[in-house]
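Reading through the structure tokens given below for one structure.
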Amino acid sequence: MANDDLSLTRRRFGGLGMAAMAAATLGGGKLATSAARAAESGPIKIGILHSLSGTMAISETTLKDVMLMLIEEQNKKGGVLGRKLVPVVVDPASNWPLFAEKARGLLTSDKCAAVFGCWTSVSRKSVLPVFEELNGLLFYPVQYEGQECSRNVVYTGAAPNQQAIPAVDYLMQEDKVQRWVLAGTDYVYPRTTNQILESYLKSKGVAAGDIMINYTPFGHSDWQNIVAQIKQFGSAGKKTAVVSTINGDANVPFYKELGNQGIKATDIPVVAFSVGEEELAGMDTKPLVGHLAAWNYFMSVDTPENKAFIKKWHEFIKNPKRTTNDPMEAHYIGFNMWVKAVQKAGTTDTNAVIDALVGVSVPNLSGGYSTLMGNHHITKPVLIGEIQDDGQFNIVSRTPGLVVAQEWSPYVAETKDLIGDWRAPLSCGNFNVKTGKCGGASK
Amino acid sequence: MRFALLLLGLVLLPVLARAGEPTDAFSAFSSGDYDAMAAAVTELAVSGDPRAGAVITALQAGRLYANAAGQLLIREADGSFRDIASGKPATVDEDDVRKIRMNNAVRRAADAAQGGLRLFAADPATRRLAAAALFKSHDPASLPALSRALAKEQDPSVRALMAEAEAAAMVMSADAPEAKKLAAIAIIRARGDLDASALLASIPNPTPAVAAAAHDGVVAIQRVLQLWDVLESVFYGLSLGSVLLLAAIGLAITFGVMGVINMAHGEMVMIGAYVTFVVQDVIRSEAPSLFGASVLIAAPLAFAVAGVIGIAIERSLIRFLYGRPLETLLATWGLSLVLQQAVRSIFGPTNREVGTPSWMSGAVPLGGLTITLNRLTIIAFAILVFAALMALLRYTALGLKMRAVTQNRAMAAAMGIRTPWIDALTFGLGSGIAGMAGVALSQIDNVSPNLGQSYIIDSFMVVVFGGVGNLWGTALGALLLGVVNKFLEPVAGAVLGKIAVLVLVILFIQRRPRGLFPLKGRAAEA
């Protein structure tokens, strides 16, 4: 029943455009405000929605731990608005529909003021309707394919232009790469990223014959002939590089095969967007020295903020060997932004916090400030690192300033005219600048 | 007067600059500017500075350090520091110096520079490496050094490599005469590998004759390589097949021979991989010299650990469920989740690093093939395990009892065989073999709690395809699926290839429900 009502409201959304949208937002807001008012005293609940079992536990467990650390530390400072923070940890078990179910539980029965969670795009897509329906607030910490801009989500990971495009630029300029292999796991993030990269490369004059696109299934473990194909593609007399959107688990056998077939970074460099310190911790990195990764944070960033963060992390997790990585920094930034916004708003009410969040600046770990923009994405520096034999990255390039996220890619025909801005008076996640209407092409 | 001074200055300036040159190069090392560093490496290599070799070697090995003042130091093997400028030992605090890092451009420059510096080394192996490095960098500037080295070189194999390197530099040179370039192209074409083809495809500003010769060369090399590609796919297929065989062969016993739908089979593989990790961990801290043998030590241990766990599972769970396949399926699936989460709690959710012993890493060229050693070892290991298992079943008393029990339980019991005990041992054997498969898989895949999951489907597919209950069928089925997969993959892509293989297997099972080699006679009805 409730679902029927929702779909009706949705349909009207598209038809009546901005006015209906604003009205619906206000309507939803009233509901949430009364709910929040009931919880205006006592401890504030923070939801942590990360898989602690199943395939994604490998990446997400760490994020749960870092959230617990941040909350514990904030409580030592006296909490927020004089109230203690209480983490509510749930385990969606790498099961996408379960993500939506657990998210609903966090928002309705636990009444969490904010939720920090999700890793894969499919899990985010699964909880998105829940957060929009119940007017919740989700902080999403992982680099992703973009093409989304929800009022109820704060995207603290990188959009493609904050990771993929600077990496390609680096290879083009520094290594004079002319031939490109776009290799990825077969799902939405690599496909969208590669679509964006392909049209970007073509706009830079790369011929279609100089781009090879290859997709592999999740957890692909036999890379022998794909690596041989890459080697062959790389022997056309032009400098070749691999842009890898290969997902976590398949990376280890991929890099092992590269090493075994003797492909060195000096011959065909591989730049990866999903390989960080955590993934390297399970690999022998000696054959990988010189391969690259693009992130907005590396553990090897040499700043006092980062040193302090690593020290706290090691004390909290009681293991001096544990690494830090980019999504952890994203949660660090996201959590501090939320704290600042709540203090600014003086309440944990979702609407007030969302309004207060835009424009909030907090220090990031790479020695600058990250700001939440109207499109609910944050500004970030882009760092390119080369893998070292100790499993860390040597930062070889860094964008001169902060990069503002492009939530809708200008390199994709359907979305090139869209912008998102949740500040009044626009208050729209997909505003079409050509037609002047909210509700652009696709949501 | 002033004019004279200026003149003197002008005359002296180049001299001074020359004397200062290496030191300028040195200062670039500590600047952190990688372009300057790459230039400095190249400059240092041709400067004739006696320290060049030591500095570049230290840079490549990560033993070159600088302090805040830009003073360069080499860290010796014993941890002490030596000042490069003076060549004297220096006492420095570890915290005051930082390691000089490279990027790929510097790495390339250093490789090329080493090639030039080592061309005249006493050891022929070093000279061979030097020639190979120069072939790769194909910098025309190395031509004079190469022709000097060629004139001196006695070793015919090194001579051939040097000639190739010279040819590579020749075709890249802007001012070499056409005849020399054509001769060089012939040399490179004779080399016949991918690098040669890449080089021929990238000759800058060729004259028409050169362009034609280069094009012919590329076509000829590609034609030969295409033939090798077929062989290469066969090797890849056999290698994938041997991995499938290793993963499936334990299941061929627990599921194929005993009829237990064992969903926890993958977790036995995973436990074997973790045994390898633990063995390596202990070896690393206790006896690093044994690292090369770590995999050999791990294999029997993994067999023992997984086997004992298998026996425990059979005694505590599966024996109550014989003849009830659905309950067995659910129970073992639940067990697989329990085992995964247990490993996750003990070892953590992240991947564990299992190193590859040096004798297993790298590749050997065989004609136009690149045979990777770890894959070759795994093929050999799979054959060995399979042969040992067949021998055990065929020639030992235990094997005889196992066959007797699975073929006719009542009769075997009547003959005085303790059938429950044999059931436990058979299940233990299947699990133990899965554990050994884990040792092999740890060399090519992630060691994470999810390791087993990715192999369980494939294992069932192989066993069913090969014919339940028939080990030869499992072996042939695994190899066949591996080879078919590797021939489909380049054509259809990895995702479609996998789907195509599944569809083929389904169609095949429709036609022949009992697989490649169905059991015949009374054993089939048991």
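Every number here is computed from the coordinates shown, using simple stated rules; none is lab data. Please read all numbers here as calculations on a predicted model, not as lab measurements. Using ideal geometry, Cβ is built from the backbone for each residue, glycine included, and neighbour counts are taken over all protein chains shown.
Odds and ends about this structure:
- Peptide B:98-105 - average C-beta neighbours from other chains (10 Å radius): 6
- Pairs from A:LYS264/A:LYS380; A:LYS256/B:LYS136; A:LYS416/A:LYS437; A:LYS125/A:LYS437; A:LYS286/B:LYS99; A:LYS239/B:LYS181 whose Cα-Cα separation, in the structure shown, is over 19 Å: A:LYS264/A:LYS380; A:LYS256/B:LYS136; A:LYS125/A:LYS437; A:LYS239/B:LYS181
- Our note on the geometry: Cα centres of region A:208-256 and region B:137-170, 33 Å apart.
- Scaled radius of gyration (Cα, divided by 2.2 N^0.38 Å) that region B:121-206 gives: 1.01
- Amide H contacts of A:VAL86 (H built 1.01 Å from N, under 5 Å, at least 5 apart or other chain): A:ILE44, A:LYS45, A:ILE46
- Projected-area average for region B:388-526 over all orientations - Cα convex hull basis, square nanometres: 10.1
- The local environment of B:ASP155, defined by Cβ-Cβ distances under 13 Å, has a net charge of +2 under the rule Lys, Arg +1 and Asp, Glu -1.
- Kirkwood hydrodynamic radius of the protein assembly as shown, Cα pairs, Å: 31.4
- Which of B:SER345, B:SER431, A:SER94, B:SER459 has the fewest Cβ neighbours within 10 Å, and the rest in rising order: B:SER345, A:SER94, B:SER459, B:SER431
- Helical segments meeting 24 Å axial Cα length and Kyte-Doolittle -1.0 threshold in chain A (DSSP H): A:18-38, A:57-76, A:326-345
- Dipole moment magnitude, nearest 20 debye, chain B about Cα centre, only Lys, Arg, Asp, Glu C-beta charged: 1760
- Descending principal axes extents, chain B, alpha-carbon based, whole Å: 120, 62, 39
- Check: the protein assembly as shown dipole with +1 on Lys, Arg Cβ and -1 on Asp, Glu Cβ, in debye: 1580
- Radius of gyration and Dmax over the Cα atoms of region B:231-449, both given in Å: 18.4, 60
- The local environment of B:VAL269, defined by Cβ-Cβ distances under 14 Å, has a net charge of -3 under the rule Lys, Arg +1 and Asp, Glu -1.
- Local electrostatic count at B:ALA145 - Lys and Arg +1, Asp and Glu -1, tallied over other residues with Cβ under 13 Å: +1
- In order along region B:137-153, phi translates into HN-Hα couplings of 7, 5, 9, x, 4, 8, 4, x, 4, 5, 5, 5, 5, 4, 5, 8, 5 Hz, rounded to whole numbers, per the Karplus curve 6.51 cos²θ - 1.76 cosθ + 1.60 with θ = phi - 60° and x for Gly and Pro.
- Projected area, mean over directions - chain A, Cα convex hull, nm²: 20.5
- Compared with the alpha-carbon gap, the fully stretched path from B:VAL46 to B:LYS520 is longer by 163.0 nm at 0.36 nm per residue.
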